[in-house]
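Every read-out reported here was derived from the displayed coordinates using simple, explicitly stated rules and does not represent laboratory data. Being a predicted model, the structure only gives us computed values, none of them experimental. Note that we place each Cβ from the backbone using ideal geometry, even for glycine, and neighbour counts take in every protein chain shown.
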Amino acid sequence: MSRELPRGAAADLWRHTLSHIPCVFGRLVYLASLRNLNTGRYEHHGLALVFGEEEANRTLRESHEKYYNEWLEFKLEHQKADLDLYLSSLSTDRRTILETWLRLAPYRNFIPTSVRGFQRDLYLKDLQILLTLLKNELGVSVPDPDA
């Protein structure tokens with residue numbers, strides 16, 4: 001009896017890319033980075049080559065929504081641990097990242113375009129809490145941009 005691996009764009013995306021990203025927040029960031037900011041469509045050359053542009057766009061959009069919802073379902077402690085894992089995987093200093101996030105709020109771009117209302121508010125509220133915790137943990141103070 002042979003065990004056949006799942007096929008299709010989603011299985012390919014998991015097998016070749018997402019399974020190598022150790023945290024849900026990292027997957028969320030990665031998938032958001034594949035969304036064209038001018039069109040809202042997801043672009044991945046390899047997936048599009050094998051499965052077509054429409055299938056690649058659909059698969060990436062659905063995966064982005066899936067990991068966004070998965071991260072939102074975490075309790076705050078789990079979100080903090082997942083975010084810490086993501087930040088520790090980056091080559092940039094955590095303080096620099098935090099200062100930049102507090103000034104520019106790039107984490108807003110990690111929200112799938114389909115998300116509205118309470119799910120969007122919950123994500124932003126959770127991120128603000130986590131950023132405040134990190135700010136206190138790292139002793140970061142960001143000057144008021146209006147001062």
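Looking at this structure, is Gly52 free of Cβ contacts under 8 Å to residues at least 12 places away in the same chain, closer than 19 Å to Leu13 by Cβ and surrounded by 12 or more Cβ atoms within 10 Å (Cβ to Cβ)? Show your work before the answer.
Working: free of Cβ contacts under 8 Å to residues at least 12 places away in the same chain: yes; closer than 19 Å to Leu13 by Cβ: yes; surrounded by 12 or more Cβ atoms within 10 Å (Cβ to Cβ): yes.
Considered against the rule, which asks whether it is free of Cβ contacts under 8 Å to residues at least 12 places away in the same chain, closer than 19 Å to Leu13 by Cβ and surrounded by 12 or more Cβ atoms within 10 Å (Cβ to Cβ), Gly52 comes out as yes.
Would you mind stating whether Lys75 is basic (Lys, Arg) and under 15 Å from the mean Cα position of the chain (by Cα)? No. Within the stretch 31-42, restricting attention to residues that are without any contact (Cβ under 8 Å) to a residue 60 or more places away in the chain and out of contact with any strand residue (DSSP E or B) (no Cβ under 8 Å at 6 or more places or on another chain), the residue that is farthest from Arg15 (Cα to Cα) is Asn38. Of all residues assigned to the stretch 110-122, at least one qualifies as being among the aromatic types (Phe, Trp, Tyr), free of Cβ contacts under 8 Å to residues at least 40 places away in the same chain and under 26 Å from Arg41 (Cα atoms).
This table checks each residue for (1) of a type in the set (Phe, Trp, Tyr); (2) in contact with a Phe, Trp or Tyr (Cβ under 6 Å, 6 or more places away or on another chain); (3) farther than 25 Å from Gln128 by Cα.
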site: Glu43; (1), (2), (3): no, no, yes
site: Tyr67; (1), (2), (3): yes, no, no
site: Ala81; (1), (2), (3): no, no, no
site: Arg94; (1), (2), (3): no, no, no
